[in-house]
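Student: Sharing a structure here in structure tokens format.
The values are calculated or read from the model by the stated rules, or taken from the named source; none is laboratory data. Bear in mind the structure is a predicted one, so any value in this text is a computation, not a measurement. Note: ideal-geometry Cβ built from the backbone for every residue, glycine included; neighbour counts use all protein chains shown. Please note that ligands, DNA and RNA were not included when accessible areas were found on the heavy atoms of the full protein model with its side chains. Shrake-Rupley method; radii C 1.70, N 1.55, O 1.52, S 1.80 Å.
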Amino acid sequence: MTAAALGVLLAAGAGHVAATWRCRSPWPLARTAAWLLGLAAAGVAVAGPARAHHDLHAHMAGHLLLGMVAPLLLVLAAPVTLALRALPPRGARRLARLLRTPPARWLTDPLVAVPLNAAGLWLLYGTGLHTALAGRPALTTLVWAHLLVSGYLATASVLAVDPAPHRRPVAVRAVALAGGAAAHDVLAKVLYAHPPAGTVGAEAGARLMYDGGTVLTLVTAALLWRRWYVSRDAVRAAARPA
Amino acid sequence: MADAHARPPARRRLLVSGLLLGLGTAGAVDEIVFHQLLHWHHFYDRASGAAGLVSDGLLHAGTFSAAVAGMALLADARRRGRFVPALWWGAVLTGAGAFQVWDGLVHHKLLRLHQVRYGVDLTGYDVGWIVPGVLLLAAGVALLLRARARPVAVT
């Protein structure tokens with residue numbers, strides 16, 4: 001199952017590079033680098049620490065890579081923008097239509113995507129699911145996929161790097177991000193106080209989850225506000241005479 | 001830009017910026033001094049129950065998010081040439097004082113979520129926690145009133 005997961009990541013990397021060749025305008029190298037680094041972070045997590053179910057400290061390193069570092073890098077790569085520019089016109093129109101459908105709009109709304117991401121984490125560690133994953137490779141792969149995808153949707157909905165039909169105001173996105181971070185912090189402390197059955201290193205793992213989550217949320221918040229500061233609306237409002 | 005009266009929306013943004021940065025700074029000082037340096041507070045206090053965990057997580061995420069947002073709004077106010085020192089500093093002190101008083105009165109005393117220190121008589125510590133908060137709050141409100149009564153020329 002690990003080989004299959006790594007295969008999917010490799011395919012995603014190859015697909016991105018192929019799309020940059022077909023892209024109708026020059027594609028920034030930094031975005032391609034972010035995409036490949038994001039996939040690499042996910043690959044490292046899947047191949048190594050995320051598999052350590054019993055050692056919560058190593059497991060949390062994998063969890064941070066797969067659920068926070070990789071999604072942030074993948075979002076910064078603006079994959080939807082690339083797809084819209086690389087697909088033939090009919091395909092691009094179809095993708096744009098798909099993004100405007102109600103389910104796509106809900107999943108890219110920070111008030112839905114961030115709580116979904118947090119709820120998934122609480123389900124994983126708050127119930128017996130984490131313990132039940134040991135020795136069940138198919139279920140484990142499914143949980144990894146969920147962690148990566150829901151982390152991506154939450155980060156994408158907050159940062160809004162790709163075009164979104166109904167973007168929430170910056171304050172709403174910042175509050176959603178802070179709410180998600182609070183749920184992450186509380187869960188880390190709960191894990192510290194009540195580690196899942198059959199695990200070691202819960203105290204170090206919980207601290208890593210708390211501190212790593214803080215650092216990555218700070219980076220995301222800084223990027224969010226930086227993007228607002230240089231956004232067309234904010235610059236235009238600042239230039240308007242009194 | 002010489003402008004004696006910053007427009008109301010710009011003033012409000014500067015006020016919000018100061019309040020958020022004040023909250024964020026007070027929260028950061030609390031974490032750095034009492035958790036990291038003095039070790040009076042711990043990552044997890046066995047004494048605090050589930051409500052303590054939730055309030056800790058909310059405060060931690062809320063204060064650092066507030067600090068980042070406050071810096072962005074401050075940068076925007078400065079870009080607009082609308083920085084009014086008395087207004088902004090008043091808001092910072094008000095935010096920091098409000099955080100300290102709220103933490104000392106509501107969290108520590110009313111809800112009894114956690115305490116300044118454990119295993120000692122708390123009276124002196126509580127006074128030492130709340131009185132500076134009240135002073136900060138009073139200084140902040142006084143500055144805000146002054147900025148309101150007499151709009152300062154913007155440089």
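Student: From the list A:Ala92, A:Ala113, pick out the single residue that is open to solvent by less than 20 Å² (accessible area, probe 1.4 Å) and in contact (Cβ under 8 Å) with a residue 40 or more places away in the chain.
Tutor: None of the others qualify; the one that does is A:Ala113.
Student: Right, here's the next one. If I ask for residues that are assigned to a helix (DSSP H, G or I), touching a residue at least 40 places away in the same chain (Cβ under 8 Å) and not aromatic (Phe, Trp, Tyr), which ones from region A:116-140 would you list? Give the derivation first.
Tutor: Initially, region A:116-140 is screened for residues assigned to a helix (DSSP H, G or I), giving A:116-126, A:129-132, A:137-140.
With the extra rule that they be touching a residue at least 40 places away in the same chain (Cβ under 8 Å), the set shrinks to A:117-118, A:121-122, A:125-126, A:130-131, A:137-138, A:140.
The answer is A:Asn117, A:Ala118, A:Leu121, A:Gly126, A:His130, A:Thr131, A:Pro137, A:Ala138, A:Thr140.
Student: Just to be sure, is A:Ala45 touching a residue at least 24 places away in the same chain (Cβ under 8 Å) and in contact with a Cys (Cβ under 8 Å, 6 or more places away or on another chain)?
Tutor: Criteria not met by A:Ala45.
Student: Let me ask something additional. If only one of A:His63, A:His53 is open to solvent by less than 30 Å² (accessible area, probe 1.4 Å) and not in a helix (DSSP H, G or I), which one is it?
Tutor: A:His53
Student: How about region A:190-218: which of its residues are more than 23 Å from B:Thr63 (Cα to Cα) and among the β-branched types (Val, Ile, Thr)?
Tutor: A:Thr199, A:Val200
Student: Then there's this: Among the numbered conditions (1) among the small types (Gly, Ala, Ser); (2) within 14 Å of the chain's Cα centre (by Cα); (3) more than 8 Å from chain B (Cβ to nearest Cβ), tell me where A:Ala164 comes up short.
Tutor: The one condition A:Ala164 does not meet is (2).
Student: Any residue in region A:187-200 that is under 12 Å from A:His130 (Cα atoms) and more than 10 Å from every other protein chain (Cβ to nearest Cβ) sitting within a Cβ distance under 6 Å of a residue that is assigned to a helix (DSSP H, G or I) and of a type in the set (Val, Ile, Thr)? List the pairs, counting only those 6 or more apart or interchain.
Tutor: Pairs found: A:Pro196/A:Thr131; A:Ala197/A:Thr131; A:Gly198/A:Thr131.
Student: Counting only residues that are more than 8 Å from every other protein chain (Cβ to nearest Cβ), farther than 14 Å from B:Phe99 by Cβ and at pLDDT 80 or above, how many does region B:40-78 have?
Tutor: Qualifying residue count, region B:40-78: 4.
Okay, residues lined up against (1) part of a helix (DSSP H, G or I); (2) open to solvent by less than 20 Å² (accessible area, probe 1.4 Å):
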| position | (1), (2) |
| --- | --- |
| A:Leu142 | yes, no |
| A:Leu148 | yes, no |
| A:Ser157 | yes, yes |
| A:Pro163 | no, no |
| A:Val190 | yes, no |
| A:Arg207 | yes, no |
| A:Leu218 | yes, no |
| A:Val235 | yes, no |
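Student: Here is a follow-up. Which of (1) open to solvent by 20 Å² or more (accessible area, probe 1.4 Å); (2) in contact with a Lys or Arg (Cβ under 6 Å, 6 or more places away or on another chain); (3) under 30 Å from A:Tyr210 (Cα atoms) does A:Ala77 not meet, given it meets every other one?
Tutor: (1)
Student: Within region A:192-201, is there a residue that is in a helix (DSSP H, G or I) and either farther than 23 Å from A:Pro103 by Cα or among the hydrophobic types (A, V, I, L, M, F, W, C) (or both)?
Tutor: Checked against the condition, which is being in a helix (DSSP H, G or I) and either farther than 23 Å from A:Pro103 by Cα or among the hydrophobic types (A, V, I, L, M, F, W, C) (or both), region A:192-201 yields at least one hit.
Student: Given the criterion modelled with pLDDT of 80 or more, on the phi > 0 side of the Ramachandran plot and surrounded by 14 or more Cβ atoms within 10 Å (Cβ to Cβ), identify the matching residue among B:Gly133, B:Gly81, B:Gly90.
Tutor: Details: B:Gly133 fails: on the phi > 0 side of the Ramachandran plot; B:Gly90 fails: on the phi > 0 side of the Ramachandran plot.
Result of the check over B:Gly133, B:Gly81, B:Gly90: B:Gly81.
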